[in-house]
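Okay, so here's the structure we're looking at.
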Amino acid sequence: MKIVSLFSGAGGLDLGLIKSGHKVVWANDIDKDSCETYRKNIGQHIVCKSISEVEISDIPDCDVVVGGFPCQGFSMANMLRTSDDERNILYRQFHRVIDGKKPLYFIAENVRGILSLDNGNAIKKIVHDFTEAGYRVSYKLFNTADFGVPQSRLRVIIAGTRNDLPTQQDFIFPEPTHDKTSWVSIGKALQNIPEPDEDAPQFVNHVYSKYKVTNRNFTGHRRTDPNKPSPTILARGNGKGGVCAIQHPNNHRRMSVRESALIQTFPLDFEFVGSMGSSYRQVGNAVPVLFGKNLGSKLKELELAYI
């Protein structure tokens, strides 16, 4: 299917969709480093500017629109106001593109907190808005570890099928391929990766934060169990906007950008552009490539229905 990608970042979701046989015809992000990373690894079709500055007519026709949007500011008070709230602008832009392009399907990714935000009213409002735009909407909470990603990462997928399609062509969420007995551990995922200070000049982005390793019960500071999937790879973590990288399974240092990207199932040769901090953020903000591929496989089944 032809896919338009919004808030594409470094392209984790897009790469997964491409690997499952689809074509991303247009992508967008506002972050310069993310766009350069995308161009270097995926393609030149990404437009680096605010989506609010893009006219609907400048976006190509497509079968599917995908993307994530931040959920801050999703209170009923904010959503019912006529004045703009900067924290909601990207959600409104996502809705604007869906309403304007009317793709067959859309897929949106978000953090699990969106389900409980404003006592559940935020997700109700989102479902209402996309229903009004002409879609049958469903949503589900996933742990990407259930799909072979060596990371416990809880994310909500909101999917829509255009009303004029028969119900047998509704987008159906993928079924887990793994369970707790078969989850891929972080130790296994990184077992063949040498130390960055030793024998690894051939690995791009194999640099790591020197932020002190402290073992206490706080995000980014917990010990990493090498026999379990990694904790969620973070985009930020120290309270000041900086990156707090997850500890290596040996708990002697922080994981490198390369190691974090492997946990996000990016290919070993996928190169991130920008400073170490920017690269960490790009990795942490991404959808795991393998999970994106699983979503794309369900779209592929729907595509075959048209043949």
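Tell me the relative contact order for region 181-233 as a rounded percent, counting alpha carbon contacts under 8 Å between residues six or more apart. It would help to have the intermediate numbers written out before the result.
Values: 36 pairs, mean separation 26.8, N = 53.
With pairs under 8 Å counted, the relative contact order is 50 percent.
Any idea how far the Cα center of region 1-44 sits from the one of region 211-238, in Å?
So the separation of the two Cα centres works out to 28 Å.
Take Asp269 and Lys188, extend 7 Å from each Cα along the Cα→Cβ direction, and tell me the distance between the two endpoints in nm.
2.6
Classify region 245-306 as rounded, prolate or oblate from the Cα gyration tensor: take a ≥ b ≥ c as the square roots of its eigenvalues, call it rounded if a/c is under 1.5, otherwise prolate when a/b beats b/c and oblate if not.
Numbers: a/c = 3.54, a/b = 2.33, b/c = 1.52.
Cα axes put region 245-306 in the prolate bin.
With θ set to phi - 60° and the Karplus curve 6.51 cos²θ - 1.76 cosθ + 1.60, what are the ³J(HN,Hα) couplings of region 40-51 in order, to the nearest whole Hz, using x for Gly and Pro?
5, 10, 10, x, 8, 7, 8, 9, 9, 6, 5, 4
With contacts defined as alpha carbon pairs under 8 Å and 6 or more residues apart, what's the relative contact order of the chain in percent?
Working: 612 pairs, mean separation 63.9, N = 307.
Computed value for the chain: 21 percent relative contact order.
Based on DSSP H runs of at least 4 residues, each adding -39500 (n - 2.57), what is the mean residue ellipticity at 222 nm of the chain after dividing by all its residues, to the nearest 500 deg cm²/dmol? Spell out each step's value before the answer.
Values: 9 runs with 85 residues, N = 307.
So the helix-based figure for the chain works out to -8000 deg cm²/dmol.
Rounded, prolate or oblate: pick one for region 145-223, where a ≥ b ≥ c are the square roots of the eigenvalues of its C-alpha gyration tensor, a/c under 1.5 means rounded, and failing that, prolate if a/b is larger than b/c, else oblate.
Details: a/c = 2.52, a/b = 2.19, b/c = 1.15.
It is prolate, given that a/c is not under 1.5 and a/b is the larger ratio.
Calculated FRET efficiency, Glu195 and Met276, Cβ-Cβ r, R0 22 Å, to nearest 0.05?
Numbers: r = 16 Å, r/R0 = 0.75.
It comes to 0.85.
For region 205-277, what does the alpha-carbon gyration tensor say about shape, rounded, prolate or oblate, given a ≥ b ≥ c as the root eigenvalues, a/c under 1.5 as rounded, and a/b over b/c as prolate?
Numbers: a/c = 1.85, a/b = 1.25, b/c = 1.48.
Because a/c hits 1.5 or more and a/b fails to exceed b/c, region 205-277 counts as oblate.
Would you work out the relative contact order for region 126-237, in percent, from Cα pairs under 8 angstrom that are 6 or more residues apart? Intermediate values should be presented prior to the final figure.
Numbers: 140 pairs, mean separation 30.0, N = 112.
Value for region 126-237: 27 percent.
Set the Förster radius R0 to 22 Å, insert the Cβ-Cβ distance between Leu115 and Leu165 as r into 1/(1 + (r/R0)^6), and round the FRET efficiency to 0.05. Don't jump to the answer; show the numbers that get you there.
On the way: r = 26 Å, r/R0 = 1.18.
With R0 = 22 Å, the Cβ-Cβ based efficiency is 0.25.
Within the chain, which is the longest segment containing none of the GluC sites (Glu not before Pro) that sit in a DSSP loop and have at most 12 other Cβ atoms within 10 Å?
Details: sites that count: Glu55, Glu198.
Longest gap between qualifying sites, sites excluded: 56-197.
Contour minus end-to-end for Ser57 and Lys2, with contour as 0.36 nm per residue of separation and end-to-end as the Cα-Cα distance? Mind showing how you got there, number by number?
Numbers: separation 55, 0.36 × 55 = 19.80 nm, distance 1.63 nm.
Difference between extended and current length: 18.2 nm.
What does the extension gain come out to for Ser152 and Ile89, with contour length at 0.36 nm per residue minus their alpha carbon separation? Each step should come with its number before you reach the end.
Numbers: separation 63, 0.36 × 63 = 22.68 nm, distance 2.90 nm.
Roughly 19.8 nm would be gained on extension.
Any read-out appearing in this document is the output of simple, stated calculations on the displayed coordinates, not a laboratory observation. As the structure is a prediction and not an experimental result, all values here were calculated from the model. We place every Cβ from the backbone using ideal geometry, glycine too, and count neighbours over all the protein chains shown.
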